[in-house]
Structure formats: C-alpha cells, structure tokens
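First the structure, in the form of structure tokens, and then the observations on it.
Just so it is clear, none of the values below were taken in a lab; they were calculated from the coordinates. All of these numbers come straight from a predicted model, not from anything done at the bench. When we count neighbours, we look across all protein chains shown, and the Cβ atoms used for this are built from the backbone with ideal geometry, even at glycine.
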C-alpha cells in the first residue's frame, strides 16, 4: 500500500487524487479501438475496487468510449460507492449520423449530459469536460448551457480538452465577466516527449486556475521502453500503426535514457518515472492512467509518491524540450536586467 497524494482541482474546492483512473479500456465487447478497449465488467470491477483501496478517488470517462459502454461499466462498478468517487466525463464527439448529434451546441450538450447521467447511474457529474473544440457553435451558447446545467445541480465543475490556449483564455474571461463558474481543468496530451503545451497552455492554467489532467502520460507506450524509437513498427501496441506524437528517434532515445537512469536510482520502472515527472512538475498536475491489467494499474498508482531530484528532473526536461518560439525567446532576450536584479 502507498499513500495517495491529492490536490485541489484548479481554481476549485474539489480535492482529487493526483492519479485519475481512465476508463478508455472498458467495453462490453465493441470493436472501438481494438487493442485498447478490452476490459469487461468483471475485470473493471476488480480494477476500480483496487483503485479505491489505493486512495484513487478520481475517475475519467467519456460518452464516446466504446459507444457509451465505458460510462455504463464505470457506473456499475461504483454502485454503492458513488459518494467516494469524483467522476469526470466528456462530450463533444459525434454520437450518430443525425446532423446535430455532435459538437458543443445547447441541444447536443443537454442531450449528452442526460445520456451520461443515465449510463453512469448518477444524479450529478463532478467534472464535465468539453472533449474537443467546436467552431460552428458560438462560444457564448456553449458557456451559457454549461452554467444552466451547473445551476440545475447536474454538473458541479467544468473543464476542456484539446482547446488552444487563446480559446480557453477567451472563455474564462467571458465566464468571469458574466458571473459564471469558470473552467477549472484541462485535459491535454502531456508527457516527457510531448510537451507542446508548455509554451502557452500550462502558463495560462497557472495564471487562471486551470489544473492539468495529463492524457497519454506514457506517450502511447513509448516511454515504457517497449519500443525501439528508431523502428516503432517492431513493437506491440498502437504506435506500430503510426507515431501520432511525431517524436524524433533522437529525442525519444534521450528521454528514455534519462528515465531509465532515474528508474534505476529509485528501483522503479521508466513508466513510473515518466508519470512521476509530470506530478513533480507542479502541484496542480494530475495524471490519467490507463490500464488493461491489475498489475499495470497497481504499478501506475505507485508512481504517485516518487519524488525526483532537481538533477533528475533537469535531465528529463533537457531530453525533449519543445522548440522555443517567438515571442517567447524575444521576451527572454529583452528582460530588463535592472528590474530582474532588484526584484530577485
């Protein structure tokens, strides 16, 4: 047993475990993303029970995971335990061929939330996340609909996923200007080799109270060490079908070398170090862990309490740092030295 660490979710009073159990693997047998969705109800129950026993109170799902089956299974596994769980679900992707059965319109959000509540077997959603952008619907319509659901008690907190920083900033300012509850969480691709959001999203989140929920913390399995970075097709897993991260072999190799060095020092695995690196970055960071086996889940939860040294963090940071872009590098060049010296 290990003691789980917790954090407040962004600018809110909601306390969540820093490890969130992701349910993308839950299915009743659909062929949605073969090789990923393969955990049935019986095994899902065992995994959820283990997560709760280990102090995980944060569970992530979505209405499009296995056509809603993941929500249904999660709801069943939490029966009688709902008050001890923080449930996050997401919406926005197309659910059928009907024209308006997608996006972030008032009609689709409302219908999606009702469907999620029914499948989850609950009266409220702790965190509702907008799974994608929708540039066909006015943002004001989306935000006012979310506030209506909050006022009705069906949704307690809200967040976004995969939104550009400028859009998130604009939305939060509208929410603040109109006395609405603001977004408090952002689900983004973030790991030791996929770090684009360091340029803007993470800075915005720190300033405006948006906590990170990192998805794909192991870069699709790359950071477990089971792939040859120079020839991903030789591995077993989703990266054999294409490197969606577009990481160079040199960066991947450098990152794995740094992870392996830290893993040896901590008597852990590179996967655990990769997850711990995200948690060590900032207190408001949480990690969504995906697993199809009890052993994978148990191992991932152990990463919650690995404390990395400054040298270990720096080594991992240097391996695959994102390219510095204008105006970031310009701002650094033009920093006023006198102010910096006086205020440091």
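Beta bridges per DSSP, both residues in the chain: antiparallel share near 10 percent.
For a protection proxy built on the mean count of beta-carbon atoms within 10 angstrom, sort 273-283, 62-72, 44-54 highest first, please. List each step's numbers first, then the result.
Numbers: 273-283: 21.7, 62-72: 23.5, 44-54: 18.1.
Packing order, densest peptide first, comes out as 62-72, 273-283, 44-54.
Note on the chain: with a GNM built from Cα contacts shorter than 10 Å, the maximum mean-square fluctuation among 32, 166, 329 falls on 329. Diffusion coefficient (Stokes-Einstein, Kirkwood radius over C-alpha pairs, 37 °C, 0.692 mPa s) for segment 127-254: 201 µm²/s, rounded to a whole number.
From most to least packed by mean Cβ count within 10 Å, the peptides 214-222, 135-143 give 214-222, 135-143.
Which shape class applies to segment 155-217: rounded if a/c is under 1.5, otherwise prolate when a/b exceeds b/c and oblate if not, where a ≥ b ≥ c are the square roots of the Cα gyration tensor eigenvalues? Walk me through the numbers before you get to the answer.
Working: a/c = 2.64, a/b = 1.76, b/c = 1.50.
In terms of gyration-tensor shape, prolate.
Roughly speaking, what is the stretch gain from residue 339 to residue 32, that is 0.36 nm per residue apart minus the C-alpha to C-alpha distance, in nm to one decimal?
Values: separation 307, 0.36 × 307 = 110.52 nm, distance 5.58 nm.
Gain on stretching residue 339 to residue 32: 104.9 nm.
Any number yet on Rg/Rh for segment 6-343, C-alpha, Kirkwood? That ratio equals 0.97.
Considering every pair of different Cα atoms, what Kirkwood radius, in Å, is found for segment 74-168?
One decimal place: 13.8 Å for the Kirkwood radius.
Relative to one another, the C-alpha centroids of segment 41-78 and segment 1-23 are positioned 16 Å apart. Take every Cα pair under 8 Å whose residues are at least 6 apart in sequence, average their separation, divide by the length of the chain, and the relative contact order is 17 percent. When you count the other C-beta atoms within 10 angstrom of each residue and take the mean per peptide, 12-24, 306-318 line up highest first as 12-24, 306-318.
Just subtract the alpha-carbon distance of residue 265 and residue 49 from 0.36 nm times their residue separation and send over the number in nm, one decimal. Provide the component values of the computation, followed by the final result.
Values: separation 216, 0.36 × 216 = 77.76 nm, distance 3.09 nm.
Stretched out fully, the residue 265 to residue 49 stretch lengthens by 74.7 nm.
This ranking places 131, 28 by how few other beta-carbon atoms lie within 10 Å of each, fewest first, which gives 28, 131. What the Cβ-Cβ distance of residue 324 and residue 177 gives, at R0 = 41 Å and to the nearest 0.05, is a FRET efficiency of 0.80.
Once each part is reduced to its C-alpha centroid, what is the distance from segment 294-318 to segment 263-289 in angstrom? Centre-to-centre (Cα) distance: 2 Å.
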